[in-house]
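The values are calculated or read from the model by the stated rules, or taken from the named source; none is laboratory data. Remember, it's a predicted structure, so these values are computed and weren't measured experimentally. Note that each Cβ is placed from the backbone with ideal geometry, even for glycine, and that neighbours are counted across all protein chains shown.
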């Protein structure tokens, strides 16, 4: 299928290559510290990091909005400085802040955005974009009359108007309702299927967990991890076994202190944490020890760490 991520064993084709990138502002603040990053053609790449980590600065440099201090960036094979026009033509950007021509109609705004990139008129393509974003029935309305969610859709339509091969979404679903968020992610999947590479930042980590092919984590201006999402979940994720006890315990027996066990506040549950990568989970031995002590359970369940828990652990423990 066109646009799907590189198949296993196939050559990895970077559509964006960032090498030795730094950014220090006039006041001395170093927003980026030697960032190296490659983004593969046709993937959905989620860039995660706390506020002030450098996400927006990195995106702004790649999109040609902010000048780097040192380093090189290529987009779709074009140097973003030496071949600015070609690089920028390959990129669509949906910024975090809403900034639209409030007195223009939806149709006029999208058509004008396409013209800015020197693209010939293509009403059929623009109609498809607006229909995909459920904006076609709003095409003749002035943007100032639209709801916040509809304005967000217009921003995406503007970013797609010149048929970019790379789309940046900077916190695209911040402040939008659940229905719109669901519609937007359906659109993102469709774009990826049609060969568009998607790079997104988001505070809704469950979206990155559901949508992304790879995850990058940035902290204090440095990329501290880039990994396939599934591999990351396996490598850093933990599983928990929760035992619902037949009779509550007042305290965890002292001779079980060597086990990775926690007793719930009401004493009705024991939670055992184990490494999914370990050769032996230790569950069988634990259950035998509990049985020997007369601690019976009536039910059990397992659960895995979420990407949010992994992310919080990464940004809070790395220096």
The helices (runs of 4 or more DSSP H) lying entirely within the stretch 130-215 that contain at least 2 residues which are touching a residue at least 12 places away in the same chain (Cβ under 8 Å) and within 30 Å of residue 103 (Cβ to Cβ) are 148-160, 178-193
Do we find that residue 252 is assigned to a loop (DSSP other than H, G, I, E, B), outside the structural domain of residue 193 (by TED's automatic domain parsing), surrounded by 13 or more Cβ atoms within 10 Å (Cβ to Cβ) and modelled with pLDDT of 85 or more in this structure?
yes
Test of understanding: among 146, 160, which residue is surrounded by 19 or more Cβ atoms within 10 Å (Cβ to Cβ) and under 20 Å from residue 107 (Cβ atoms)?
160
When the stretch 59-92 is examined, which residues are found to be in a helix (DSSP H, G or I) and out of contact with any strand residue (DSSP E or B) (no Cβ under 6 Å at 6 or more places or on another chain)?
60, 61, 84, 85, 88, 89
For residue 47, indicate whether it is assigned to a strand (DSSP E or B) and modelled with pLDDT under 95.
yes
Taking the options 59, 39, name whichever one is within 21 Å of residue 212 (Cβ to Cβ), modelled with pLDDT under 95 and in the same structural domain as residue 171 (by TED's automatic domain parsing).
59
So, residue 102, is that one over 22 Å from the mean Cα position of the chain (by Cα) and assigned to a loop (DSSP other than H, G, I, E, B) or not?
yes
